[in-house]
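**Q** Below is the structure I would like to discuss, written out as structure tokens.
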Amino acid sequence: MQALDRLFISIGRAFNSFLSQFLPPTAVTVIGMFLSAIIISTFAALVFMFLTWLERKFVGRMQDRIGPNRVGPFGLLQPIADAIKMFTKELITPEGAHKVAYNLAPILAVAPVMMFFAVIPFGRDMVAADLDVGVLYLVALSSATEVAILMAGWASRNKFALLGAMRAVAQMLSYEVPLVLILLALVLMAGSMQLTELVAAQGVPFALLQPVAFLIFIVAAAAELNRTPFDIPEAESELVAGYHTEYGGMKFGLFMMAEFIAAFGMACLVTTVFLGGWRPWIIPLPSWLWFLIKAFAVLFVFIWFRGTFPRLRIDQLQAFCWKFLVPVTLLNVIVTGVVVTFFPIVRDGQIVVQGAGGWAVTTVVYFATSVVFGLIIAWLYRRPTQQALRQIEVGRPAARGLSQEVQAA
Amino acid sequence: MTAEQFVFVVAALITLGSAVGMVTSRSVFVGALWMIAVFGGVAALFILVGAGFLGIVQILIYIGAIAVLILFAIMLTPRVMGDPNAPRYNRQWPLVAVMTTGLAAVLTVLVLRTDWPLAQEGTPVITGFAVELGKGFMTTYILPFEVASVLLLVALIGAIVIAREE
Amino acid sequence: MPSVPLSWYLIVAALLFSIGAYGALSRRNAIGILMGIELMLNAVNINLVAFWRYVEVEGLAGQMFAIIAITVAAAEAAVALALILAIYRTRDTVNVEEIDLLKW
């Protein structure tokens with residue numbers, strides 16, 4: 001069990017000591033850094049391939065279809081077939097496109113999401129670079145992706161691509177605000193922006209201490225990732241394919257890759273800050289296995305969203321963010337700050353909650369506060385919620401207008 | 001040349017080269033892309049000098065917010081931006097070029113001739129900036145912090161009021 | 001003390017400032033001018049951080065004021081771009097030579 005838990009660390013150690021027989025220590029460090037970067041990005045690419053299969057299979061089942069089942073057992077080799085197809089396609093640069101920006105954009109889209117995994121603790125002591133500002137680093141990276149999207153949209157010289165890029169970035173910018181505000185509340189609780197410290201502070205997963213924030217975070221994360229029901233930037237019926245309309249072959253594949261790996265990165269972030277990271281729950285499995293189980297459970301929720309919800313309209317989306325999520329998460333920071341003052345979890349880097357009884361009290365206090373907060377918010381927002389529900393029942397205004405026209409005719 | 005000097009030279013060349021690319025590019029959009037490279041180079045300089053926190057803040061705010069805002073504004077004013085033949089400079093640009101070159105020369109000479117009061121060798125460097133800066137903003141530097149936050153709020157409201165369509 | 005001398009940072013900052021000033025003074029496009037100003041602010045930040053590291057390393061003032069300068073730059077960009085969009089909407093141009101209503 002212990003050996004299995006430390007499997008990857010032992011492999012790394014053994015490799016390091018093997019190398020240091022021939023090479024000076026500096027070279028070993030540099031090689032080690034390069035190798036861990038390569039291993040992490042390869043792992044991310046493998047997860048991407050697996051995810052494309054998983055998503056198609058799950059959504060297929062939800063829609064009463066079978067999904068890919070031709071290539072390999074259960075269609076498991078489908079991603080490889082797709083990859084071969086992508087790689088063998090001709091690489092086209094449309095006429096009138098700004099060549100450098102057009103070709104640079106897919107690379108710049110993938111690079112930041114790959115860098116995501118440098119700070120994520122995948123298991124006990126399994127983190128490539130344990131930055132003391134890890135949360136800030138992740139936020140900075142996710143905002144750097146937007147530049148690549150704007151580049152792609154502008155360089156394609158296509159109105160659908162331009163519109164799609166502007167919608168995508170407007171959406172990502174807006175939904176970053178509630179995400180950051182929720183992370184701020186969690187940082188207040190853990191007293192650190194270091195992700196390992198955040199995991200260490202979660203004697204009880206923060207999802208239990210902050211259930212309302214957890215739900216909001218999942219919704220805002222889906223929007224930040226441009227996933228259904230928030231996939232307006234790529235609404236096929238309105239915009240062809242959004243900012244990557246003009247891209248084909250592996251250039252398109254890179255955008256797909258950025259999207260899926262960002263989804264996995266977000267799932268890793270949710271796992272780390274809300275679900276206790278690699279900490280095992282009840283069943284003693286290796287810590288990295290627990291991390292992966294939790295991360296894929298979060299991914300399953302994202303895929304489930306896609307199979308279930310219809311797409312929102314762009315004005316509904318922005319109104320939802322700025323009129324609901326931003327004020328609510330801002331209030332959440334204040335409420336959390338007050339609770340943290342009276343019931344601190346971490347003080348000066350030391351966990352101050354003592355024993356099971358202490359954790360029980362802390363959990364009850366935080367949970368109750370969060371639930372009361374959520375109920376007050378629900379009461380404050382009862383009227384807009386009813387309006388929204390009525391709108392869904394009656395149908396969208398455009399559709400209603402159309403049916404009136406049909407009746408008049 | 002040590003590794004640190006090498007990294008510095010690379011980062012400085014990227015920064016200055018992209019800055020030249022920015023002011024000379026014909027299209028404003030391409031200029032904005034160059035500007036993002038400048039911001040990245042400056043972030044690298046911050047990290048190199050030992051202010052990692054500030055480097056990440058630089059990426060977050062300059063690339064993630066200011067550059068994206070500027071790219072957005074460029075996309076929202078298409079009729080002007082779309083014209084590639086419009087002259088990029090005003091009439092006074094040769095004069096400005098001479099003056100700014102002179103400014104650069106004067107500053108460089110001044111920098112080289114001044115005897116800077118360097119800190120003692122081996123003065124301890126603070127680590128854990130996030131904590132230290134947070135404490136600083138809440139104690140010694142609370143007035144600039146509050147003024148800056150009020151300024152941000154006013155700018156936010158002002159920007160919304162100005163850009164609003166009637 | 002790091003192996004890169006202080007003067008290297010200061011020279012880079014001086015050059016960046018001059019290039020930014022050139023962009024701000026010679027561009028016809030208002031957004032181009034704004035970009036030049038952002039470069040100048042960045043150059044100032046390099047100076048602040050370099051002086052912090054080489055002169056005042058036991059204090060925090062250099063980094064503090066760099067952060068405040070970044071805040072001010074963000075506020076400035078937001079207001080300036082809002083102004084540019086408003087002008088574009090009413091006058092259909094962002095060329096500063098054509099925006100001369102207040103000029104004698």
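The values are calculated or read from the model by the stated rules, or taken from the named source; none is laboratory data. All figures in this text were calculated on a predicted structure; none of them were measured in a lab. We place every Cβ from the backbone using ideal geometry, glycine too, and count neighbours over all the protein chains shown.
**Q** Hey, can you tell me all the residues within the range C:53-81 that are surrounded by 21 or more Cβ atoms within 10 Å (Cβ to Cβ), farther than 21 Å from C:ALA30 by Cα and more than 7 Å from chain B (Cβ to nearest Cβ)?
**A** Selection gives C:GLY62 alone.
**Q** Would you confirm whether any residue within the range A:65-79 is basic (Lys, Arg) and either in contact with a helix residue (DSSP H, G or I) (Cβ under 6 Å, 6 or more places away or on another chain) or part of a helix (DSSP H, G or I) (or both)?
**A** Within the range A:65-79, not a single residue is basic (Lys, Arg) and either in contact with a helix residue (DSSP H, G or I) (Cβ under 6 Å, 6 or more places away or on another chain) or part of a helix (DSSP H, G or I) (or both).
**Q** If you don't mind, there's one more thing I want to ask. I'm checking my understanding of the structure. Among residues of the range C:1-19 that are under 15 Å from the mean Cα position of the chain (by Cα) and within 7 Å of chain B (Cβ to nearest Cβ), which one is surrounded by the fewest Cβ atoms within 10 Å (Cβ to Cβ)?
**A** C:LEU15
**Q** Identify all residues within the range A:212-244 that are modelled with pLDDT of 75 or more and of a type in the set (Val, Ile, Thr); write none if there are none.
**A** Across the range A:212-244, the qualifying residues are A:VAL212, A:ILE216, A:ILE218, A:VAL219.
**Q** Continuing with this model, one more query. Helices (runs of 4 or more DSSP H) wholly in the range B:73-166 with at least 3 residues that are more than 7 Å from chain C (Cβ to nearest Cβ) and either farther than 26 Å from C:MET40 by Cβ or at pLDDT 90 or above (or both) - which ones?
**A** Here the list reads B:93-113, B:129-138, B:142-163.
**Q** Turning to a different aspect of this structure: Going through A:THR336, A:THR369, A:THR362, A:THR341 one at a time, which residue ends up being in a helix (DSSP H, G or I), free of Cβ contacts under 8 Å to residues at least 60 places away in the same chain, among the hydroxyl-bearing types (Ser, Thr, Tyr) and within 21 Å of A:GLU197 (Cα to Cα)?
**A** A:THR341
**Q** Out of B:PHE29, B:PHE6, I need the residue that is part of a helix (DSSP H, G or I), more than 7 Å from every other protein chain (Cβ to nearest Cβ), aromatic (Phe, Trp, Tyr) and over 24 Å from A:VAL133 (Cβ atoms). Which one?
**A** Of B:PHE29, B:PHE6, the one residue that is part of a helix (DSSP H, G or I), more than 7 Å from every other protein chain (Cβ to nearest Cβ), aromatic (Phe, Trp, Tyr) and over 24 Å from A:VAL133 (Cβ atoms) is B:PHE6.
**Q** Test A:ALA101 against the criterion of being in a helix (DSSP H, G or I) and within 30 Å of A:ALA165 (Cβ to Cβ), and give yes or no.
**A** Considered against the rule, which asks whether it is in a helix (DSSP H, G or I) and within 30 Å of A:ALA165 (Cβ to Cβ), A:ALA101 comes out as yes.
**Q** Pick out the one residue from B:ARG88, B:ARG26 that is farther than 27 Å from C:GLU58 by Cβ, in contact with a strand residue (DSSP E or B) (Cβ under 9 Å, 6 or more places away or on another chain) and of a type in the set (D, E, K, R).
**A** When all the criteria are applied, what remains is B:ARG88.
**Q** So how many residues does the range A:21-66 have that are farther than 24 Å from A:LEU254 by Cβ and buried (at least 18 other Cβ atoms within 10 Å of the Cβ)?
**A** The total comes to 1.
**Q** Right, next: Just need a number here: residues in the range B:35-74 that are free of Cβ contacts under 8 Å to residues at least 12 places away in the same chain and either farther than 22 Å from A:LEU138 by Cβ or not assigned by TED's automatic domain parsing to the domain that holds B:MET22 (or both).
**A** 3
**Q** For the range A:154-164, enumerate the residues that are more than 8 Å from chain B (Cβ to nearest Cβ) and at negative phi.
**A** Across the range A:154-164, the qualifying residues are A:ALA155, A:SER156, A:ASN158, A:LYS159, A:PHE160, A:ALA161, A:LEU163, A:GLY164.
**Q** All but one of (1) more than 7 Å from chain B (Cβ to nearest Cβ); (2) within 14 Å of the chain's Cα centre (by Cα); (3) within 29 Å of B:LEU143 (Cα to Cα) hold for C:ILE33, so report the exception by its number.
**A** (3)
**Q** Go through (1) under 17 Å from the mean Cα position of the chain (by Cα); (2) modelled with pLDDT under 85 for C:LEU41 and report which single condition fails.
**A** It is condition (2) that C:LEU41 fails.
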